[in-house]
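Worksheet: one structure, shown below.
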Amino acid sequence: MNQSIRLDVNPMMAEYVGPRGIARADLDALVPELKRAHAAVEAGRGKDMQGWMDLPYNQEEVVADIEATAAKVREEFDAFVVLGIGGSALGPAAVQAALNHLHYNELPAEKRGAPKLYVEDNIDPERMAALMDVIDLSKTCFNVITKSGGTAETMSQYLIVTEALKAACGDDWKRHILITTSASKGFLIKIAQREGFKTFYIPDGVGGRFSELCPVGLLAAAVCNIDIRAMLEGAKDMDERCKTDEVFANPALLDAGLMLLAMNKGANMSVMMPYADSLKLMADWYAQLWAESLGKNVTLDGQPCNAGQTPIKTLGVTDQHSQLQLYTEGPFDKVITFLKVEKFRATTPIPHGCDDIPTIAFLGGKSHNQLIEAERQGTQYALYKAQRMCQIITLPEVNAYTVGQLMYFFELVTAYTGALLNINTFNQPGVEESKVAAYAVMGYDSEVHTAKREEMKNRPAEKAEYIL
Ligand code: PA5
């Protein structure tokens, strides 16, 4: 079976969906811009913040080290906990959900064949206590992941965990910590060197949301027996497919062009709708990639803009029963992307029964595999009738190779779209602002944070009448 993922944009086009869709003439007119965007992304390959484009090619040694470490972790520990947030957590969680059993942690240890995985990406005060209730510290390995090496959420988790480990494991505690961080920036690398923790590096040119295919994502995946070489192979093959600037041969470039034209027509929301529980968290991962990369208020030439398209995470068929009504009859402000799976890893036949009720008896002898795809097609048809723009990305199967292709595809679409919008795709000043402000609120006394505290006082006084 050909394992290449496929993009079908028929339902994006006016030829198919009517005048609310993209006119072919508009797409044709955009081709020179698309070629320019392609050239700009290619010119940046491997440079500045585009180190992620090298990851499918330059990690032989890293992968060997990750695999050896993962084998050791599997031997020594029952639980593997990722401490990270944003780009340091969404990828590992999405890949684990996609490629392992849907109830992985609840499987008996022999069936899992690897430690349980927890991705702790929040600091809800109840969360760490809840984690401690379900893990045995003496059999748990923590992977502290932060590119900047100073993110308050992750580093506070680090402090909590190290104290707990010292109490539970005594002198042996350092064996329970693996670090993934920048080799050149931040405090975590200094801590790691001081304590002698085993450390993996996030290359300088790989930002958080583009980091799944470096040790950020690969280590947790390898620990859980995911074939990380196949993931990288998938990414490489997608990269090769997209080296051409022929729009109808490069799926990521075509997609970027259509998303830009859709935005220009007022479609300022991108609904990601996987029809597979395994891909549910892929929509979360995509949401960060798309939102944080494209949501910018200034162009590369310094012109003000308010670029971006709001990502919406959904799940088929579940959200047919909650959001589809809006998508079919609400504002014409969305593009819906279906993630379709051709061959699921299980077949669930529907038994015969209820013979006296024809509409239910009719289901007998069919399968959930048929039903989920029929429902997806039904939703696609309802959206077509309502003249909504959609596209379908088909994964022949959900496996490490197709997931590698899919994630790299979205990374490229994001990079091309950022180039089309003429923005900096790879920074996140809005996030940085919130980080500084949070430290200021916490009372940190550096020059920057003290100034931020003062600046924050300049907000208008809150009126009691608006607080009920
Ligand atoms: O994409 C990004 O750069 C961010 O979302 C980061 O991943 C997130 O803020 C966490 O940062 P760090 O990895 O430095 O802890």
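Do any of 185/457; 111/343; 47/296; 185/452; 147/457; 236/334 go past 28 Å between their Cα atoms, and which? Spell out each step's value before the answer.
Numbers: 185/457 31 Å; 111/343 23 Å; 47/296 21 Å; 185/452 23 Å; 147/457 31 Å; 236/334 31 Å.
The pairs that break the limit, which is 28 Å between Cα atoms, are 185/457; 147/457; 236/334.
Over region 57-189, Cα pairs under 8 Å with separation of 6+ residues give a relative contact order of 29 percent.
Of the residues 437, 387, 410, the one whose Cα sits farthest towards the positive end of the charge dipole of region 345-468 is 387 (charges of +1 on Lys and Arg Cβ, -1 on Asp and Glu Cβ, taken about the Cα centre). A straight chain from residue 136 to residue 357 at 0.36 nm per residue would run longer than the Cα-Cα distance by 74.4 nm. Cross-link partners of residue 139 among aspartates and glutamates, defined as those whose alpha carbon lies under 19 angstrom from its own and excluding same-chain residues fewer than eight positions apart: 75, 76, 78, 106, 110, 120, 163, 171, 172. Note on residue 101 and residue 446: with the Förster distance fixed at 51 Å, the Cβ-Cβ geometry gives a FRET efficiency of about 0.65.
In debye, nearest 20: dipole of region 1-139 around its Cα centre with unit charges on the Cβ of K, R (+) and D, E (-)? The partial results should precede the final answer.
Numbers: 14 positive and 23 negative charges, 94 e Å.
Charge dipole of region 1-139: 460 debye, to the nearest 20.
Between 43, 276, 108, the Cα set farthest toward the positive side of the dipole of the chain (charges on each charged residue's Cβ, about the Cα centre) is that of 43.
Rounded to the nearest 20 Debye, what is the dipole magnitude of region 17-88 about its Cα centre when Lys and Arg each give +1 and Asp and Glu each give -1 at the C-beta? Present the calculation step by step, with values, prior to reporting the outcome.
Working: 8 positive and 13 negative charges, 119 e Å.
Computed charge dipole of region 17-88: roughly 580 debye.
Where both residues lie in the chain, what percent of DSSP beta bridges are antiparallel, nearest 5? Roughly 15 percent of the beta bridges in the chain run antiparallel, per DSSP.
Proximity of backbone amide H atoms, modeled 1.01 Å from N, is registered between residue 367 and 350 at under 5 Å, excluding neighbours fewer than 5 places apart on the same chain.
Taking the Kirkwood radius as the inverse of the mean 1/r across Cα pairs, report the Rg/Rh of region 190-317.
Values: Rg = 18.0 Å, Rh = 17.6 Å.
Reported Rg/Rh, Kirkwood definition of Rh: 1.02.
For region 275-409, the share of DSSP beta bridges that are antiparallel, to the nearest 5, is 25%. From its DSSP helices (H runs of at least four residues, each -39,500 (n - 2.57)), the chain gives a residue-normalised ellipticity at 222 nm of -14500 deg cm²/dmol. Counted as membrane-span-like here are DSSP H helices of the chain whose alpha-carbon atoms extend 30 Å or more along the helix's own axis and whose Kyte-Doolittle mean is -1.0 or above; these are 400-421.
Placing +1 on each Lys and Arg Cβ and -1 on each Asp and Glu Cβ, with no other charges, gives region 252-331 a dipole about its Cα centre of roughly 80 debye. In loop segments of region 1-99 as defined by DSSP, the trypsin sites (Lys or Arg not before Pro) with at most 11 further C-beta atoms inside 10 Å of their C-beta are 47. Scaling the Cα radius of gyration of the chain by the globular reference 2.2 N^0.38 Å produces a ratio of 1.04. Just to confirm a number: summing +1 for Lys and Arg and -1 for Asp and Glu over residues other than residue 382 whose beta-carbon lies under 12 angstrom from that of residue 382, what do you get? Result for the local shell: +1.
Computed over neighbours whose Cβ is under 15 Å from that of residue 132, the net charge equals -3, Lys and Arg +1, Asp and Glu -1.
Between residue 459 and residue 40, how high is the FRET efficiency from 1/(1 + (r/R0)^6) when r is the Cβ-Cβ distance and R₀ = 35 Å? Nearest 0.05.
Numbers: r = 39 Å, r/R0 = 1.11.
Calculated value: 0.35.
Going 7 Å from the Cα of residue 368 in the Cα-to-Cβ direction, what parts of region 104-119 have a backbone nitrogen less than 15 Å from that spot? Counting backbone N atoms under 15 Å from the label point, the list is 104. Applying 1/(1 + (r/R0)^6) with r as the Cβ-Cβ distance of residue 10 and residue 168 and R0 = 56 angstrom yields a FRET efficiency of 0.45.
Would you work out what percent of the accessible area of region 63-125, with all protein chains in place, is carbon or sulfur (probe 1.4 Å)? Mind dumping the intermediate values first?
Details: 1400 of 2700 Å².
Here carbon and sulfur together make up 52 percent of the probe-accessible area.
For residue 281, neighbours were defined as the other residues whose beta-carbon sits under 15 Å from its Cβ, and their charges (Lys and Arg +1, Asp and Glu -1) total -3.
Heavy atoms of the protein chains alone define the surface here; on that basis the chain has 46 Å² accessible area per residue at 1.4 Å probe size. Placing unit charges on the Cβ atoms of the charged side chains and taking the dipole of region 323-454 about its Cα centre, the candidate lying farthest along the positive direction among 396, 450, 327 is 396.
The values are calculated or read from the model by the stated rules, or taken from the named source; none is laboratory data. Being a predicted model, the structure only gives us computed values, none of them experimental. Neighbour counts run over all protein chains shown; Cβ positions are idealised from the backbone, glycine included. To get the accessible areas, we keep the full protein, side chains included, count just its heavy atoms, and leave off ligands, DNA and RNA. Shrake-Rupley method; radii C 1.70, N 1.55, O 1.52, S 1.80 Å.
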